[in-house]
Amino acid sequence: MAIALDADQLALADAVRGFVAHHAPKAATREQLEKLAAGETPEVWDALVEQGFATLHLPEPVGGGTAVDLAVVVEEAARGLCPGPLLPTVITSALLARAGDETAERWVERLAAGARGATATTADGLTATQAAGGWEVSGKSLPVLGAVQADVLLLAASGPDGEVWFTVDTAAATGVTVTAAEAVDLTRGIGRVELDQLAVGASDVVPLAAARVRAVVAALFAAEAVGLVGWCVEAATDYAKIREQFGQPIGSFQAIKHKLARMFIQLQLMSAAAWDAARALDEDDEQAQLAAAAAAITCLPAAAELGLETITLFGGIGYTWEHDAHLYWRRAMVLNALAGPVEQWQRELARASRDASRRLYVDLTGEDPQFRKQIASTLAAAKALKGQARRDHLAAAGLVLPHYPAPYGIGATPVQQLVIAQEYERSGVTQPRTIIGEWALPTILAHGSEEQKEFFVPATLRGEITWCQLFSEPGAGSDLASLSTKAERVEGGWRLTGQKIWTSSAHQADWGICLARSNPDVPKHKGITYFLVDMHSPGLEVRPLREANGNFMFNEVFLDGVFVPDGRVVGEVDNGWKLARTTLSNERVSMGGMSVLRVPLAELAGRTDLAANPDDVAVDLGEVLARSQVLGAMQLRDVLRRLSGLQPGVEGSAMKVAAGWHHVQVAVLAMKWLGPAAAVADGHGAQATQQYLSSPPMLIGGGTLEIQLNVIAERILGLPRSAS
């Protein structure tokens, strides 16, 4: 539940967390709240600088880390409610380090030595007029975080040709008054800067663009928001495990479980957004702007909202002054306020996305060139073939599902799989899919007999066998352990009797993976066996189910004494539940990674005949583009975690739910924009209406979202199961 991704970043996060707990315990911070809110610098500041946490992002020899490393530091300091000027100072030093001129470099050296900085997030209130040798600036700024204790202020004023960014040495400058404001965040000061004809020389002007400033501010504000919400989710979850009502922990109540699971999912989205915004700071301004806007939209309003949710989860005790929850909530409120209206960020992202899109990729330049050359040669040969001949060629080369072991695949590592995907894209050859086979074959490979592997796997890879999944039943739904389809032992095999439902592509499938109850006298998770059913067997009937959208994708399947030979039982009899979990795991990874932007929103938003107000459309578009970018960042984080040798994280569980929500949101917005045009099933409204009508499978398939929330609550957050 954090920004840190690789082993080094995880170690850094642990180091910062331990440091803050030791040098700035919350009990000590509470004793100093009045002084901290007035802008007094806490004792921990010198230790932070000495430890290098405030300078990690600066160039060598004082730093040498990355922007993501800095984001990890900011996140963990916020998780521990570390007081003082860390955030405003590192924002200032990060901006000055990127400016690169002599004035900025001098200040970077001072900041690295322990000086404190503060940066305005807007030029509002200050006006610059040209004067001899530079500028003359007057006015009163909006609130500036850390201004009261800053040694250097990085400010902006509105000039005749745009914003002018400049530094102010608070100890030496005349015509500068910094007035402390009554702080909402009680752990650090905030103030307004008043300038009275301040002379700003050419050496004080810093070559910064407002877009770059906003990108750095958004990225580091987002990182702090992740730390704040990380504490909220952890503290509320721990409380839900021990607080009892009606004789049981409140964490066993489904309403509490779902609330905490939703908070956890939002935290995952926030972590991905903040991580991506930080890494984009080392890219070009265009990419930094896209990632920063998505982070601001995803993280800052949510942090304030989840701070309030946390207090309500704690109940009355959480609303008391003595509880720490309101201190985190207050910080989140300040971040959200200083960043500016979220609608402004949404419009910015919508505008920026007209000309560019966020590039989320893994740089594998120079990675095993001989392997890449070999794959490229194989795909070039495949491109010269047509139809089944091409599919046979790719299957024989192990490139249909290359991560499978030989002879079915080539045992490709995660890095090699990405190289293969890149070469498929470069060659113009479409990588074949086995659809449900991508869920069935892993189970056969892991638990099947050699005969089953040899019969089913190569033929599936060649496209000669297609699959369906016979799991769900009318009376069982997501509770597969309650299935009632009977498997009765007969000579040479089994007779299956029962009904399956919501079976995708059963009317086209050659074989089905089927769960049936083979032993009714044991606990329901035990007496289940995993069968491979010939879909052309006598006694098997497939009846298509017409969906609300008018299409036929799902089916009912009736099994009336369908014979399955012993050779088509996978694994041990009565041990099918274990095998089903292998299949379901593969299903959820696949569904979580599905594309959710099927409606071309950007093109639709550009129409001039929309019923919605164009400004409202821009705000809506920015919101959904932000979510789409963040879902992509979550996928990329999971890939990078695998590449670094670490186990897959929790992104997959959160992705399933978040993708379902997003899918529906996209369709709803498209229909909203179209207005009356969405009332007819042809013309411009057809695609949006069809996507909305097709949304239930995203919310139900592979386990309903409510089931997924329970899974997250119990298996990831560790909340107790319901007593009933």
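Per-structure values
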item: Cα-based Rg of the stretch 469-573 normalised by 2.2 N^0.38 Å, two decimals; result: 1.04
item: Relative contact order for the stretch 165-224, counting Cα pairs under 8 Å that sit 6 or more residues apart, in percent; result: 35 percent
item: Heavy atoms of residue 127: accessible area, 1.4 Å probe, square angstrom to 10; result: 80 Å²
item: Sites residue 109 and residue 361 - FRET efficiency at Förster radius 56 Å, r taken between beta-carbons, to 0.05; result: 0.95
item: At R0 = 41 Å, FRET efficiency that the Cβ-Cβ distance of residue 574 and residue 403 yields, to 0.05; result: 0.85
item: Amide H contacts of residue 561 (H built 1.01 Å from N, under 5 Å, at least 5 apart or other chain); result: 496, 497, 498
item: The stretch 382-518: translational diffusion in µm²/s, Stokes-Einstein, Kirkwood Rh over Cα pairs, 4 °C, 1.567 mPa s; result: 77 µm²/s
item: Debye intensity ratio in log₁₀ form over the Cα atoms of the stretch 301-342, taken at each q of 0.19, 0.26 Å⁻¹; result: -0.51, -0.80
item: Residue 493 long-range amide H proximity, modeled H, under 5 Å; result: 566
item: Rg over Rh, two decimals, the stretch 1-49 (C-alpha only, Kirkwood Rh); result: 1.09
item: Dipole magnitude (debye, nearest 20) for the stretch 311-357, charges at Cβ of Lys, Arg, Asp, Glu; result: 160 debye
item: Per-residue SASA entry for residue 238, accessible area with 1.4 Å probe, Å² rounded to 10; result: 80 Å²
item: Computed Kirkwood radius, in angstrom, where 1/r is averaged over Cα pairs of the stretch 315-397; result: 19.3 Å
item: Using θ = phi - 60° and Karplus 6.51 cos²θ - 1.76 cosθ + 1.60, couplings along the stretch 635-643 (whole Hz; Gly, Pro as x); result: 4, 5, 4, 5, 4, 5, 4, 5, 5
item: Estimated vicinal HN-Hα couplings, Hz - the stretch 94-103 in sequence order (Karplus 6.51, -1.76, 1.60; Gly, Pro = x); result: 5, 5, 5, 5, 7, 5, x, 8, 5, 4
item: Debye intensity ratio I(q)/I(0), log10, the stretch 20-135, q values 0.10, 0.12, 0.20 Å⁻¹ (C-alpha model); result: -0.35, -0.49, -1.10
item: At 0.890 mPa s and 25 °C, Stokes diffusion of the stretch 236-286 via Kirkwood alpha-carbon radius, µm² per second; result: 187 µm²/s
item: Pairwise centroid distance, computed over Cα atoms, of the stretch 346-387 with the stretch 28-94, Å; result: 39 Å
item: The chain - mean residue ellipticity at 222 nm from DSSP helices (-39,500 (n - 2.57) per run, n ≥ 4, rounded to 500); result: -15500 deg cm²/dmol
item: Span per principal axis, largest first, for the Cα atoms of the stretch 498-547 (Å); result: 36, 24, 16
item: Computed P(r) (all Cα pairs; the stretch 187-340; 5 Å bins; percent); result: 2, 9, 16, 16, 15, 13, 10, 7, 5, 3, 2, 1, 1, 0, 0
item: Inter-probe distance in nm under a simple model that places probes 7 Å from Cα toward Cβ, at residue 351 and residue 603; result: 2.5 nm
item: Heavy atoms of residue 692: accessible area, 1.4 Å probe, square angstrom to 10; result: 100 Å²
item: Computed FRET value (nearest 0.05) for residue 173 with residue 31, which takes r as the C-beta separation and R₀ as 30 Å; result: 0.35
item: Cα long-axis angle, helix 369-383 against the chain (0 to 90 degrees, to the nearest 10); result: 50 degrees
item: Largest-first principal axis extents of the Cα set of the chain (Å); result: 98, 67, 55
item: Label-point separation in nm, residue 525 to residue 453, each point 7 Å along Cα→Cβ; result: 2.8 nm
item: Per-residue HN-Hα couplings for the stretch 42-57 [Karplus 6.51, -1.76, 1.60; θ = phi - 60°; Hz; x = Gly/Pro]; result: x, 4, 5, 4, 4, 5, 4, 5, 4, 6, x, 5, 8, 10, 4, 7
item: Spatial separation of Cα centroids for the stretch 622-640 and the stretch 659-724, in angstrom; result: 17 Å
item: Relative contact order, percent, the stretch 163-286 [alpha-carbon distance under 8 Å, six or more residues apart]; result: 23 percent
item: Gap separating the Cα centres of the stretch 519-567 and the stretch 218-282, nearest whole Å; result: 40 Å
item: Local net charge near residue 622, Cβ-Cβ under 12 Å (Lys/Arg +1, Asp/Glu -1); result: -2
item: Kirkwood Rh in Å, taken over the stretch 262-363 so that all alpha-carbon pairs contribute; result: 14.9 Å
item: Selection from 503, 420, 403 lying farthest towards where the dipole of the chain points positive, charges on Cβ; result: 503
item: Percent carbon-and-sulfur accessible area, the stretch 35-156, ignoring ligands, DNA and RNA, probe 1.4 Å; result: 47 percent
item: 1.4 Å probe accessible area per residue over the chain, in Å²; result: 42 Å²
item: For the chain, with +1 on Lys and Arg beta carbons and -1 on Asp and Glu, the positive-most of 443, 617, 636 along the dipole; result: 443
item: Accessible-area ranking of 190, 265, 242, 707, largest first, probe 1.4 Å; result: 242, 707, 190, 265
item: Normalised contact order of the stretch 1-121, rounded percent, pairs of Cα under 8 Å and 6 or more residues apart; result: 29 percent
item: Probe 1.4 Å, all protein chains present, accessible-area order of 253, 455, largest first; result: 455, 253
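The values are calculated or read from the model by the stated rules, or taken from the named source; none is laboratory data. The structure displayed is predicted, hence computed values, not measured ones. Using ideal geometry, Cβ is built from the backbone for each residue, glycine included, and neighbour counts are taken over all protein chains shown. Just the protein is used for accessible areas: all its heavy atoms, side chains included, with ligands, DNA and RNA removed. Shrake-Rupley method; radii C 1.70, N 1.55, O 1.52, S 1.80 Å.
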